[in-house]
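Following: one structure in structure tokens, then a few remarks.
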Amino acid sequence: QVQLVESGGGLAQAGESLRLSCEALGRIKIGLMEWFRQAPGKQRVMVAGITSSGTTIYEDSLKGRFTISRDIGKNTVNLQMNSLKPEDTGVYYCHANAYDFRDYWGQGTQVTVSS
């Protein structure tokens, strides 16, 4: 089993920055780790992802503002969000594909950006 523990959400004004962290607890090795976002009334969508070897992927519109990084030793993935916009508001979820062929979700952390 893997438990994903997220932190770092909160309230920000437009133009400010926030950093989200997600720690994977458990003994199972983790492969791909991703951040998803679910805006009010919308579907959950992938924001950014990073493989165990460090390859990154981003939702096209977020490139340049969001940066995903990973600390393999600490089994942690971070999402640095800069120049935040009101449309970045939503619940951010950490997602992991583990080597037990299962995927796991965190509980979600709220990010609210005011104009």
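The values are calculated or read from the model by the stated rules, or taken from the named source; none is laboratory data. Computed from a prediction, not measured in an experiment: that's the story for all the values here. Please note: Cβ atoms are built from the backbone with ideal geometry, for glycine as well, and neighbour counts cover all protein chains shown. SASA here: full protein model, heavy atoms, side chains in, ligands and nucleic acids out. Shrake-Rupley method; radii C 1.70, N 1.55, O 1.52, S 1.80 Å.
In what order, largest first, do Arg65, Arg102 sit by accessible area if the probe radius is 1.4 Å?
Largest accessible area first, the residues go Arg102, Arg65.
Given a 1.4 Å probe and heavy atoms of the protein chains only, how would you sort Val47, Val5, largest accessible area at the top?
Largest accessible area first, the list is Val5, Val47.
Which part of segment 76-114 falls in the paramagnetic zone of Gln13, meaning amide N under 17 Å from the point 7 Å along Cα-to-beta-carbon?
Within reach of a label on Gln13, which here means backbone N under 17 Å from a point 7 Å along Cα→Cβ, segment 76-114 contributes 82-87, 112-114.
Could you order Trp105, Trp35 by accessible surface area, starting with the largest, using a probe radius of 1.4 Å?
Descending accessible area places them as Trp105, Trp35.
Of all the accessible heavy-atom surface of the chain, with the other protein chains kept in place and a 1.4 Å probe, what percent is carbon and sulfur?
49
Calculate the dipole size of the chain relative to its Cα centre from +1 charges on Lys and Arg beta carbons and -1 charges on Asp and Glu beta carbons; express the result in debye to the nearest 20.
The dipole of the chain has a size of about 100 debye.
So what J values fall out for segment 101-115 if you push phi through Karplus, 6.51 cos²θ - 1.76 cosθ + 1.60 with θ = phi - 60°, rounded to Hz, Gly and Pro as x?
Values per residue, Gly and Pro as x: 6, 10, 10, 10, 10, x, 7, x, 9, 7, 10, 10, 10, 9, 8 Hz.
What is the spin-label model distance, in nm, from Gln43 to Thr112 if the labels are put 7 Å beyond Cα along the C-beta direction?
2.7
Compute, for Ser52, the solvent-accessible surface of its heavy atoms (probe 1.4 Å) with the complete set of protein chains present, and express it in square angstrom to the nearest 10.
50
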